[in-house]
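First the structure, which I've put down as structure tokens, then a few questions once you've had a look.
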2 protein chains.
Amino acid sequence: MSVTLKDVAHAARVSVSTASRALTGTGLTSERTQQRLTRIARELGYRPNPIARGLKTGQSRLVALLVHNLTNASFQVMAEEVQARLKALGYQMLLCIGGDDQQQESDTLTTLVDHRIDGLILVPTGKNGAQLKALAKDVPIVCLVRRDDATDLETVLADDPQGAYLGTRHLIELGHKRIGLIVGRQDTTSGRERLSGYVRALREAGIALDDTLIHAGHFVPETGATGCRKLLDLPRPPSAIFVANHEATLGVLRVTAERNIVIPDNLSLLCYEDMPWFEWHRPAISIVDNGARDLANLAVDRLLQRMDAKGNGKGNGNDGVREYRVGARLVQRDSCRRIDAAISARSGKPKSTPSKLSTKSAKV
Amino acid sequence: MSVTLKDVAHAARVSVSTASRALTGTGLTSERTQQRLTRIARELGYRPNPIARGLKTGQSRLVALLVHNLTNASFQVMAEEVQARLKALGYQMLLCIGGDDQQQESDTLTTLVDHRIDGLILVPTGKNGAQLKALAKDVPIVCLVRRDDATDLETVLADDPQGAYLGTRHLIELGHKRIGLIVGRQDTTSGRERLSGYVRALREAGIALDDTLIHAGHFVPETGATGCRKLLDLPRPPSAIFVANHEATLGVLRVTAERNIVIPDNLSLLCYEDMPWFEWHRPAISIVDNGARDLANLAVDRLLQRMDAKGNGKGNGNDGVREYRVGARLVQRDSCRRIDAAISARSGKPKSTPSKLSTKSAKV
DNA sequence: CGATAGACTGCAAACGATTGCAGAGACGTT
DNA sequence: AACGTCTCTGCAATCGTTTGCAGTCTATCG
């Protein structure tokens with residue numbers, strides 16, 4: 001059907017092997033034939049068959065990216081970033097959706113190695129450690145955003161302790177003393193780390209830790225809703241909520257809307273990870289940006305280096321294990337507001353205190 | 001490295017060909033050896049090498065989905081749906097991001113055929129008709145959501161005329177007479193068709209068409225912003241805006257927020273295509289749902305049939321060209337509101353008319 | 001002028017599967 | 001007993017590349 005190397009060789013009256021060498025640039029070929037061959041190849045519209053090549057070389061020029069879903073904006077920008085980077089290097093990205101599900105992850109992984117992918121970047125569920133460990137012998141792997149504690153794979157992490165610390169400190173600086181935290185499951189790296197950052201900021205400010213202000217849960221909007229209700233129903237509800245579980249944000253917004261709580265007048269809201277609509281939301285939602293784009297780039301860098309190392313016969317590229325951190329930063333928008341110390345102490349319904357951030361009046 | 005067919009054959013003391021036949025189920029093999037071989041293969045952990053197989057059979061078990069981006073929620077659910085369906089059938093999905101860019105689309109397409117994909121579902125930019133036409137000779141292709149007018153490829157479309165009609169009629173039924181329309185570029189199928197649905201609904205209701213109420217533009221938020229400003233600055237501004245260009249929604253929301261326009265009290269807002277946060281937004285945004293999930297499913301169905309047809313030697317599967325339509329439906333939430341006929345005629349600032357949809361009072 | 005190195009080139013064997021063709025038994029028929 | 005038929009199995013070619021090895025040719029040097 002399509003033009004093969006044989007056709008090119010034949011047209012140029014050379015052997016297939018010469019054609020191969022000339023076009024790939026490997027081995028010794030005279031300048032002249034090389035140019036002649038490339039010209040003829042172009043004229044004929046020759047495109048090397050990656051399958052045939054892959055069979056011989058054991059490489060596929062395919063790199064897989066396995067994420068939980070596409071709803072999460074971080075995953076979106078990571079996917080776009082990874083695809084762009086890889087494409088520039090002549091790799092095709094295989095984007096897979098694992099749904100944060102152990103079985104699905106496992107299945108996908110085997111399919112991927114079947115297809116002889118050259119590299120893998122994944123957000124691990126953390127439940128297939130053994131399998132990952134085994135795969136790492138054959139394929140360069142880099143973990144992204146989460147660590148799989150059962151393995152010692154190289155991992156690119158957001159600096160969650162720092163991010164959570166930054167966010168919490170910001171709220172404290174605005175005068176908040178009772179800060180609710182809605183955070184991810186504590187059996188995940190990010191869940192634990194964000195909690196730790198929160199704790200550190202509180203401790204530094206000399207604010208006593210109050211367990212009732214912390215709600216940890218699954219990565220679904222429902223977590224946000226129940227968590228938010230729980231917090232608001234407290235005898236002394238928080239004056240600010242830090243939603244450090246990205247998926248929970250929607251739930252929190254729903255509950256505050258249901259109860260006609262005006263943000264930021266009656267409650268300050270700070271979220272983790274950006275969403276495109278956050279800055280268009282009213283009020284625009286302040287966030288701690290985990291640096292998704294940087295994370296993706298770093299992951300690609302690391303992976304490439306490992307693939308390189310493997311190519312040069314220096315093991316499978318999966319040694320020299322380390323952990324990389326990408327800095328977080330605070331993006332201030334309009335959902336957090338300074339609170340009067342006296343009021344925050346009472347933690348009751350604040351009087352309508354004017355602020356440059358909002359001129360809307362409180363409802364309820 | 002991994003277990004090959006030869007290993008299995010050797011372990012079972014049969015030839016490679018017998019092993020192949022036994023495991024694939026093709027050809028004549030005795031029941032006994034077949035069972036024995038499958039057992040041994042499982043014991044050895046044999047997994048067929050898709051690359052080697054692909055080289056021989058010319059198939060890759062790879063199906064590509066090419067979309068513009070991942071930000072659009074419709075594309076997200078489509079991608080998830082397609083991946084799920086294909087996986088169940090033993091195919092791997094290759095998800096590619098084309099950015100609605102002619103060059104990128106072209107590049108991606110060639111890479112994909114290089115990789116000998118078995119099928120392709122794409123949202124065409126409409127600018128690579130010739131290339132697509134050529135590819136269609138080799139690979140079964142189904143277009144999704146948009147048609148490429150330069151080709152006669154089978155296409156699965158949302159029923160945009162119907163959807164726009166439904167949405168517009170809904171607004172009319174609520175008493176709106178001046179309805180602004182922000183719609184996509186008129187050189188795209190969906191742009192034209194949504195406009196036509198809008199026009200039909202107006203005509204049916206005997207409302208004169210007013211060109212100044214229509215703003216067509218590129219698929220970016222900025223279009224929404226400029227369009228919205230233009231509409232609001234009209235001597236007689238509309239009482240409702242129908243944002244039939246999905247990406248423009250954010251821009252519209254920003255402008256209405258900037259101008260402190262309260263939705264739906266001062267302005268009704270109806271959008272096209274859902275976003276996860278629409279129902280959590282305050283007010284929850286009413287939409288015309290284009291049926292993304294159904295679209296994806298239908299596209300997969302069509303593609304599979306074509307791949308089948310091709311497999312059976314009946315041409316390349318790209319004949320019997322047809323166009324499929326997936327119905328749209330209206331999802332009423334809280335962003336549209338009944339308007340008093342008298343007031344709408346004046347089209348001035350309406351008095352605060354109570355409605356069951358909202359008890360909030362108008363500001364400004 | 002012959003030997004030898006050096007620079008290219010071609011042959012053929014891989015890679016791991018699938019598949020047409022022919023051979024080997026088993027069995028029934030005449 | 002001979003023959004045909006039917007069922008199963010193995011041989012070997014093939015898909016389109018890459019690559020070790022050996023061969024050819026030219027040029028250079030002694």
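The values are calculated or read from the model by the stated rules, or taken from the named source; none is laboratory data. Nothing here was measured: the structure is a model prediction, and the numbers come from that model. Here the Cβ positions follow ideal geometry from the backbone for every residue, glycine too, while neighbour counts run over all protein chains shown. Please note that ligands, DNA and RNA were not included when accessible areas were found on the heavy atoms of the full protein model with its side chains. Shrake-Rupley method; radii C 1.70, N 1.55, O 1.52, S 1.80 Å.
Name the residue, out of A:Thr110, A:Thr168, that is open to solvent by 20 Å² or more (accessible area, probe 1.4 Å) and in a helix (DSSP H, G or I).
One residue alone meets the criteria, A:Thr110.
Of the numbered conditions (1) in contact with a strand residue (DSSP E or B) (Cβ under 7 Å, 6 or more places away or on another chain); (2) of a type outside the set (A, V, I, L, M); (3) on the phi > 0 side of the Ramachandran plot, A:Asp100 fails exactly one; give the number of that condition.
Single failed check for A:Asp100: (1).
Pull up the stretch A:113-147, narrow it to residues that are free of Cβ contacts under 8 Å to residues at least 24 places away in the same chain and open to solvent by less than 10 Å² (accessible area, probe 1.4 Å), then point me to the one that is farthest from the other protein chains (Cβ to nearest Cβ).
Applying the filter and picking the extreme gives A:Cys143.
Could I ask something else about it? Using beta carbons and a limit of 7 Å, which pairs, at least six apart or on different chains, have the first residue in the stretch B:54-72 and at negative phi and the second one within 11 Å of DNA strand C (Cβ to nearest atom)?
Close Cβ pairs (under 7 Å, with a partner that is within 11 Å of DNA strand C (Cβ to nearest atom)) amount to B:Gly54/A:Ile51; B:Leu55/A:Ile51; B:Leu55/A:Ala52; B:Leu55/A:Leu55; B:Ser60/A:Ile51; B:Ser60/B:Pro50; B:Ser60/B:Gly54.
Right, something else. Would you mind stating whether B:Val16 is surrounded by 12 or more Cβ atoms within 10 Å (Cβ to Cβ) and within 12 Å of DNA strand D (Cβ to nearest atom)?
Considered against the rule, which asks whether it is surrounded by 12 or more Cβ atoms within 10 Å (Cβ to Cβ) and within 12 Å of DNA strand D (Cβ to nearest atom), B:Val16 comes out as yes.
Give me the strands (runs of 3 or more DSSP E) completely within the stretch A:190-283, filtered to those with at least 3 residues that are under 30 Å from B:Ile261 (Cα atoms), ordered by residue number. Step through it out loud before you land on a result.
Details: elements: A:214-217, A:240-243, A:268-272.
Filter on the stretch A:190-283 gives A:240-243, A:268-272.
On the given criteria, is B:Val3 near DNA strand C (Cβ under 8 Å from one of its atoms) and away from chain A (no Cβ under 14 Å)?
no
Could you say whether any residue in the stretch B:183-195 is open to solvent by less than 70 Å² (accessible area, probe 1.4 Å) and more than 20 Å from the chain's Cα centre (by Cα)?
No: the stretch B:183-195 contains no residue that is open to solvent by less than 70 Å² (accessible area, probe 1.4 Å) and more than 20 Å from the chain's Cα centre (by Cα).
Now a separate question. Any idea how many residues of the stretch B:19-73 are open to solvent by 50 Å² or more (accessible area, probe 1.4 Å), within 11 Å of chain A (Cβ to nearest Cβ) and within 9 Å of DNA strand D (Cβ to nearest atom)?
Qualifying residue count, the stretch B:19-73: 4.
Mind listing whichever residues of the stretch B:83-103 are without any contact (Cβ under 8 Å) to a residue 60 or more places away in the chain, in a helix (DSSP H, G or I), under 26 Å from B:Arg293 (Cβ atoms) and not small (Gly, Ala, Ser)?
B:Gln83, B:Lys87
Right, here's the next one. Looking at the stretch A:261-271, can you tell me whether even one residue there is of a type outside the set (Ser, Thr, Tyr) and more than 15 Å from A:Cys336 (Cβ to Cβ)?
no
From (1) within 11 Å of DNA strand D (Cβ to nearest atom); (2) facing chain B (nearest Cβ under 10 Å); (3) of a type in the set (A, V, I, L, M, F, W, C), pick out the condition that doesn't hold for A:Val8.
Of the numbered conditions (1) within 11 Å of DNA strand D (Cβ to nearest atom); (2) facing chain B (nearest Cβ under 10 Å); (3) of a type in the set (A, V, I, L, M, F, W, C), the odd one out for A:Val8 is (2).
Something else about it: Would you confirm whether any residue within the stretch A:148-159 is open to solvent by 20 Å² or more (accessible area, probe 1.4 Å), over 30 Å from B:Ser60 (Cα atoms) and small (Gly, Ala, Ser)?
Yes; the residues of the stretch A:148-159 include at least one that is open to solvent by 20 Å² or more (accessible area, probe 1.4 Å), over 30 Å from B:Ser60 (Cα atoms) and small (Gly, Ala, Ser).
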